[in-house]
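Colleague: What follows is a structure written as structure tokens; I'll ask about it next.
The values are calculated or read from the model by the stated rules, or taken from the named source; none is laboratory data. A quick note: this is a predicted structure, and the numbers were derived from the prediction, not measured. In this analysis, Cβ positions are derived from the backbone assuming ideal geometry, glycine residues included, and neighbour counts consider all displayed protein chains. These area figures cover heavy atoms from the full protein model, side chains too; ligands, DNA and RNA do not enter into them. Shrake-Rupley method; radii C 1.70, N 1.55, O 1.52, S 1.80 Å.
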Amino acid sequence: VNLAPYVSVDSVQLYLTDCMEGMGKLLPDSSVSVVVTSPPYNIGVRYTTYADTKPRGEYLAWIEDVGR
Ligand SMILES: C[S@@+](CC[C@H](N)C(=O)[O-])C[C@H]1O[C@@H](n2cnc3c(N)ncnc32)[C@H](O)[C@@H]1O
């Protein structure tokens, strides 16, 4: 996983990486106040790399992990 900022301006760093690995490695526990996101909705959208067609139970477990 790439943990170098993709863009860094003043006190803001943007990362282009897998959010599950990146957030786990870059953010200390209990350090996030709010998350604004647009996750995949598992409705079969054809993304370049991500497969938006997980089995329902697998998707629900994954999206729960995203918010944890
Ligand atoms: C609903 S789209 C977001 C679209 C975006 N808001 C836009 O306007 O372009 C969900 C995106 O999440 C990406 N994605 C899926 N798994 C991811 C992960 N583990 N980490 C980061 N992005 C992920 C997908 O590739 C897809 O581009």
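Colleague: Hey, any idea what % of the chain's accessible area is carbon plus sulfur with a 1.4 Å probe?
Modeller: The nonpolar share, carbon plus sulfur, comes to 55 percent.
Colleague: Could you compute the FRET efficiency for Ile63 and Ser31, with r as their C-beta to C-beta distance and R0 at 30 Å, rounded to 0.05?
Modeller: Approximately 0.90, to the nearest 0.05.
Colleague: I've got another one for you. Relative contact order of the chain: what whole-number percent is it, with Cα pairs under 8 angstrom and at least 6 residues apart?
Modeller: 20 percent
Colleague: Compute the acute angle (0 to 90°) between the alpha-carbon long axis of helix 56-66 and the principal axis of greatest extent of the alpha-carbon atoms of the chain; round to the nearest 10°.
Modeller: Helix 56-66 sits at roughly 10 degrees to that axis.
Colleague: Put Thr17, Thr48, Thr53 in order of accessible area, largest first, 1.4 Å probe: what do you get? Mind showing how you got there, number by number?
Modeller: Values: Thr17 45, Thr48 140, Thr53 100 Å².
Output order, biggest surface exposure first: Thr48, Thr53, Thr17.
Colleague: Solvent-accessible area per residue for the chain at a 1.4 Å probe radius, Å²?
Modeller: Roughly 86 Å² per residue, with all protein chains present.
Colleague: Can I ask one more? Place +1 on the Cβ of every Lys and Arg and -1 on the Cβ of every Asp and Glu in the chain, take the dipole about the Cα centre, and give the residue among Gly57, Ser33, Gly67 whose Cα lies farthest towards its positive end.
Modeller: Of the listed residues, the answer is Gly57.
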